1. Every residue in the stretch 63-76 that is surrounded by 17 or more Cβ atoms within 10 Å (Cβ to Cβ) and farther than 18 Å from Gly133 by Cα, please.
2. Can you confirm whether the stretch 154-169 contains a residue that is among the polar types (S, T, N, Q) and under 15 Å from Pro36 (Cβ atoms)?
3. Just need a number here: residues in the stretch 142-195 that are among the charged types (D, E, K, R) and surrounded by fewer than 13 Cβ atoms within 10 Å (Cβ to Cβ).
4. Can you tell me how many residues within the stretch 158-174 are part of a strand (DSSP E or B) and over 14 Å from the mean Cα position of the chain (by Cα)?
5. In this structure, is Val79 buried (at least 20 other Cβ atoms within 10 Å of the Cβ), β-branched (Val, Ile, Thr) and within 21 Å of Ser188 (Cα to Cα)?
6. Condition first: small (Gly, Ala, Ser) and crowded, with 22+ Cβ neighbours inside 10 Å. Now tell me which residues in the stretch 111-136 satisfy that.
7. Here are some residues: Val43, Val25. Which one is surrounded by 15 or more Cβ atoms within 10 Å (Cβ to Cβ) and at pLDDT below 95?
8. Among the numbered conditions (1) closer than 22 Å to Pro44 by Cβ; (2) touching a strand residue (DSSP E or B) at 6+ places or on another chain (Cβ under 6 Å); (3) of a type outside the set (A, V, I, L, M, F, W, C), tell me where Gly95 comes up short.
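The values are calculated or read from the model by the stated rules, or taken from the named source; none is laboratory data. This structure is a prediction, so every number in the text was calculated from the model and none was measured. Note that we place each Cβ from the backbone using ideal geometry, even for glycine, and neighbour counts take in every protein chain shown.
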Amino acid sequence: MKSNRIHLAAAGAVVAVVATAVAAVAGGSSKSAPPPFSSGTPVPRTAFSHADQAFLARIGATGQITRLGLKDGVAFYAVASSDAGRCFATGMISGDLSGGCLDAGKSVPEVVDMSAVVMNPADASWRLQTLQGVAADGITKVGFVDATGTLHTTPVTGNVYRLSGQSWQGGSASELQAFDARGNLVFSERVGGAS
């Protein structure tokens, strides 16, 4: 995924809002399959500020914009890209978008994570500040495994998930996980360290 990262100075740390697409461990869609999201409402480009429209153009998100969902005042969008790929963005309902685009030759994954991470440049440690993103139909819960091995989960509603107001230490064994309605693990991807 072409990834746009936004770094803001915050009390000696670096805040990175990362749009990262990760591959699913089970199944996987073919390259010609439509995105695995059934929710969504078309949004006209003119509904966004000039700055947000410029941001979308800069990352190549030039096609139809669909709002996949809204949670805690944060909106999640899917946008067709100029190279026939798929882009994803998040922001306040009033705008202030961040996001990135998948390459046209790659399938849309089952989970597109857009979590907020705070990094400490002094020792390269990091904390997950907000767990958020979009998840495919059939995924009912997404979670983050912190550095201690504790799983923190949040429900998926209308293809979006978001859990904020807490902070979890990340480590080399941290994972993003997704579960179906029966509680089966259907997705797992290491984040922030080991491959």
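1. First pass over the stretch 63-76, keeping only residues surrounded by 17 or more Cβ atoms within 10 Å (Cβ to Cβ): 63, 65-69, 71, 74-76.
Gly63 - this is the single residue of the stretch 63-76 that is surrounded by 17 or more Cβ atoms within 10 Å (Cβ to Cβ) and farther than 18 Å from Gly133 by Cα.
2. Of the residues in the stretch 154-169, the ones among the polar types (S, T, N, Q) are 154, 157, 159, 164, 166-167, 169.
Filter once more, so that each one left must be under 15 Å from Pro36 (Cβ atoms): 159.
The answer is yes, given that some residue of the stretch 154-169 is among the polar types (S, T, N, Q) and under 15 Å from Pro36 (Cβ atoms).
3. First pass over the stretch 142-195, keeping only residues among the charged types (D, E, K, R): 146, 162, 175, 180, 182, 189-190.
Still in the running and surrounded by fewer than 13 Cβ atoms within 10 Å (Cβ to Cβ): 182.
Looking only at that region, the number is 1.
4. Residues of the stretch 158-174 part of a strand (DSSP E or B): 160-163, 168-169.
Okay, now just the ones that are also over 14 Å from the mean Cα position of the chain (by Cα), so 168-169.
Of the residues in that region, 2 qualify.
5. Working: buried (at least 20 other Cβ atoms within 10 Å of the Cβ): yes; β-branched (Val, Ile, Thr): yes; within 21 Å of Ser188 (Cα to Cα): no.
It is false that Val79 is buried (at least 20 other Cβ atoms within 10 Å of the Cβ), β-branched (Val, Ile, Thr) and within 21 Å of Ser188 (Cα to Cα).
6. Going through the stretch 111-136, the residues small (Gly, Ala, Ser) turn out to be 115-116, 122, 124-125, 133, 135-136.
Selection gives Ser115, Gly133, Ala135, Ala136.
7. Values: Val25 fails: surrounded by 15 or more Cβ atoms within 10 Å (Cβ to Cβ).
Selected residue: Val43, the only one of Val43, Val25 that is surrounded by 15 or more Cβ atoms within 10 Å (Cβ to Cβ) and at pLDDT below 95.
8. Unmet for Gly95, out of (1) closer than 22 Å to Pro44 by Cβ; (2) touching a strand residue (DSSP E or B) at 6+ places or on another chain (Cβ under 6 Å); (3) of a type outside the set (A, V, I, L, M, F, W, C): (2).
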